[in-house]
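To keep things clear, I will list the structure first and then write my remarks on it.
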Amino acid sequence: MAEYSWPSREATAVIGKEHDRLDGMAKATGAAKYTYDVNLKNQLIAVALGCPHAHCKITKLDVSAAEKTPGVVVVHIFDHAAIGREVEWEGELLAVVAAETEAAAKAGVAAIKLEYEELPVFVNDEDLEAAEKAGRTSKGGGKTELEREPGDNDDEDEFVEKEIARLFKESKYVVDGYYGIDSITHCCLEPHGSTVEWKDGKLLAYLSTQNVSGTDEGFADELKITSSDVEVRCDYIGGGFGSKFAPDYWAVAAAKISQSTGRPVKFLLARDQELKIAGNRPSGYIKVKIGADENGVLKVWDSSHWGTAGYKGGGVSQTVMPYVIRPKNYRRIATNIATNTAQSRAWRAPNHPQACAMSQTAIDDLAALMGADSTEVFAANLRAGNVDSQHPDAANVYLAEMARAAELIGWKANWHPHGKGKSRGSIVDGLGMALHTWGGAANNSDCRLKISPDGGVEAWCGSQDLGTGTRTVIALVLAETFGLGVDQVRVNIGSSKYPASGASGGSTTVGGVSESHRRAAQDALVKIFELAAKELGVDAASLEAVGGKIRVKGTDKAIAWKKACTLLGMKPLEVNASYKRGDVSTLSSSGVCGVQMAHVEVDKETGVIKIKKFVAVQDQGLVINPKTCKSQIYGAMIMGIAAALYERRITDPKSGAFVNAELADYKLARLGDIGELVIEIYEPESERQRGVIGNGEPPAISPIAAISNAVANALGVRIPVIPLTPKRVLDALAKA
């Protein structure tokens with residue numbers, strides 16, 4: 001067994017250098033096959049009927065006419081669509097029509113006769129008082145942390161009230177604010193769904209999923225078969241963002257239809273169904289009071305917040321607030337609101353973007369009250385130890401990243417007190433910043449590695465590539481370890497029949513696959529060195545793999561890689577390696593920081609906000625491929641701009657209808673909306689030595705708060721609820 005480690009920065013030939021994604025050409029040319037692109041012989045096309053109401057009781061569901069529609073083969077009714085059952089959100093699928101063509105399937109759906117009794121609807125999660133009157137609230141938890149003198153015998157409730165009152169009385173500055181963030185949907189470009197077929201009693205599912213190794217069990221449990229009788233494949237996926245971890249009941253329905261008809265079935269959600277039922281991010285609204293000393297250092301935080309995660313209630317987890325900047329004294333109380341909307345799913349850094357937007361806006365308002373530079377207030381709190389981050393040296397890393405971000409955006413040259421900048425007619429500009437944190441620990445990952453006598457290197461791993469460059473990362477790790485070019489290794493992922501690897505959630509994939517493949521490669525290299533050492537007449541410990549050779553360190557004495565591999569004889573060398581989440585390792589760790597700063601301009605006459613420049617400085621330990629790492633950050637920044645300025649699930653308060661559940665109506669950021677994006681990877685040796693840490697989610701956290709703070713700096717007025725639409729800007733200005 002090898003001692004697992006990464007090469008030094010100076011010794012790396014591949015890792016840390018920019019590389020194009022291995023699948024870039026396939027995607028650019030259309031050769032890449034996504035779930036919808038899989039077309040099987042004699043397949044059926046499935047289309048579903050969604051419930052047209054947000055809350056109703058089904059009184060009739062007649063599919064007889066649909067079954068007689070030309071081209072229709074079978075109609076499947078979901079168990080939850082039984083007569084007398086309640087449906088609690090619009091779009092819930094009731095029946096599926098499988099037909100020879102998509103047109104026939106749609107005609108069959110149109111022929112279904114559905115009758116229902118409409119029931120009361122509640123969707124206004126921002127109005128806490130209305131939710132309480134409607135009986136839609138429940139306790140969401142809370143926590144109080146207060147420094148207490150030993151021997152204090154006051155009743156707990158009495159002590160809390162007295163102590164909080166005292167802390168506010170002693171505070172030099174007090175901010176009393178209201179902030180909120182609306183629900184948004186995942187809006188995956190590729191909708192949820194699958195193309196499935198049965199072969200010899202076994203299911204093959206081409207599934208759009210973030211969990212290749214785990215979804216076979218999901219199918220098996222529902223179909224009453226063993227997971228060994230299921231293979232899930234996903235070579236490419238068009239977005240997931242936390243919403244595609246399970247087969248979902250519609251994929252199971254496709255499998256059942258395929259089994260009953262003996263024919264393959266393709267079933268993907270329609271665009272409006274995708275937005276209505278396939279995933280959304282919880283909303284959150286907060287009333288908060290904070291107290292600080294003369295330097296802006298927080299002494300006390302007192303908040304109550306509420307929101308919704310859908311029909312089951314819930315909302316933004318209160319455990320992450322106050323976010324990053326957390327005083328030693330705080331009280332937080334949460335209320336969950338149940339609405340007639342589909343239940344939420346994990347959305348890129350669950351809870352963190354909302355918590356950041358509802359916490360660090362209050363800190364920015366504190367700076368405005370003081371007439372101080374926001375960066376100085378954030379820095380004062382970091383230096384005072386008011387920091388809650390998963391990074392072990394968070395305060396110092398944040399301060400270093402803040403200094404660099406400020407340089408990149410020209411903070412000193414462009415900053416002005418809130419609302420005091422120069423105007424160009426009706427246009428004003430402003431700067432804002434925010435901090436974020438995340439774990440990113442490596443997930444479980446197994447791999448199988450084979451080195452052939454002809455020098456070929458091939459690996460198999462049941463991971464998935466969400467478009468983040470997982471294939472490329474694996475290839476780089478193997479190429480670096482063996483001293484080969486990236487084009488000299490072959491990577492196989494995307495099948496549940498390969499050695500199991502964890503789901504892509506929590507920014508855990510790059511660490512997991514780097515762990516398993518580096519371990520396998522270094523173990524294999526030990527055996528190659530043993531054979532090469534005999535050939536060269538040296539000790540195996542003196543060898544290194546570099547430049548396509550096995551070489552004696554510090555000399556020119558070497559044999560070619562292919563020559564060394566012939567020493568294996570007739571059989572290839574096969575090595576299996578595993579990493580289990582939580583194992584102590586020199587190859588990976590967890591805990592990252594990040595700083596983002598935004599420079600915006602706002603038209604006070606129209607309320608339109610434009611991004612001028614947006615800067616992200618991000619650490620993530622050792623960076624395998626800076627190019628795809630930056631690509632992750634670019635994507636996160638663009639998603640954050642969309643969430644800050646445009647995205648919002650709009651529901652009609654009377655009917656509960658999701659009125660903008662189409663791409664034509666659900667506004668996202670376009671190329672002209674994002675401004676200049678600047679990224680710097682923060683990777684001093686202290687970070688590099690921590691090993692690989694995931695980076696999928698962290699940079700998606702801060703954009704909303706940074707942009708909101710920049711807008712407040714420009715206007716001198718806080719737009720309290722996000723997204724910052726022109727109407728909300730104008731309303732806030734009118735009230736001011």
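Values in this text are rule-based calculations from the coordinates and carry no lab data. Predicted, not measured: the structure shown is a model, and the values here were computed from it. No Cβ is skipped: glycine too gets one built from the backbone with ideal geometry, and neighbour counts run over all protein chains shown.
Backbone N atoms of region 117-133 closer than 19 Å to the 7 Å Cα→Cβ label point of D665 belong to residues 121-125.
The DSSP beta bridges internal to the chain are antiparallel in roughly 80% of cases.
Compare the Cα positions of G140, H76, G313 along the charge dipole of the chain (+1 at Cβ of Lys, Arg; -1 at Cβ of Asp, Glu; about the Cα centre) and return the one farthest towards the positive end. Selected residue: H76. Hey, what did region 442-579 get for relative contact order, percent, Cα under 8 Å, at least 6 apart? For region 442-579, the relative contact order is 36 percent. Rounded to the nearest 500, the 222 nm mean residue ellipticity of the chain from helices alone is -9000 deg cm²/dmol, with -39,500 (n - 2.57) taken per DSSP H run of at least 4 residues.
Dipole check for the chain: with +1 at the C-beta of Lys and Arg, -1 at the C-beta of Asp and Glu, and the Cα centre as origin, the magnitude is about 1480 Debye.
Within the chain, C51, C56, C187, C188, C234, C356, C565, C593, C629 have no other Cys Cβ under 4.7 Å of their Cβ and so lack a disulfide-compatible partner by this rule.
Pairs spanning more than 28 Å between alpha-carbon atoms, out of K276/K630; K527/K553; K106/K256; K244/K312; K497/K630: K276/K630; K497/K630. Taking a straight line from the alpha carbon of K169, these lysines sit under 26 Å away, with near neighbours fewer than eight places off in the same chain left out: K143, K287, K289, K299, K328. When you restrict to C-alpha pairs under 8 Å that are six or more residues apart and normalise by the size of region 600-696, the relative contact order lands at 46 percent.
For V300, the amide hydrogen comes within under 5 Å of the amide hydrogens of G291, counting only partners 5 or more places away or on other chains and with H modelled in the peptide plane. Relative contact order, whole percent, for the chain stands at 17, derived from Cα pairs under 8 Å and 6 or more residues apart. Dipole of region 442-579 computed with +1 at Lys/Arg Cβ and -1 at Asp/Glu Cβ about the Cα centre; of L568, F482, Y579, farthest Cα towards the positive end is L568. Computed from phi, the 3J(HN,Hα) profile of region 20-33 under the Karplus parametrisation 6.51, -1.76, 1.60 (θ = phi - 60°) reads 5, 5, 5, 9, x, 5, 4, 6, 5, 8, x, 6, 5, 9 Hz, with x in place of Gly and Pro. Taking GluC sites (Glu not before Pro) across region 86-148, the ones in a DSSP loop with at most 15 further Cβ atoms lying within 10 angstrom of their Cβ are E147. Over all orientations, the chain has a Cα convex hull whose mean projected area works out to 36.5 square nanometres. Projected onto the charge dipole of the chain (+1 at Lys/Arg Cβ, -1 at Asp/Glu Cβ, origin at the Cα centre), which of V473, L715, Q210 gives the Cα projection farthest towards the positive end? So the residue we want is V473.
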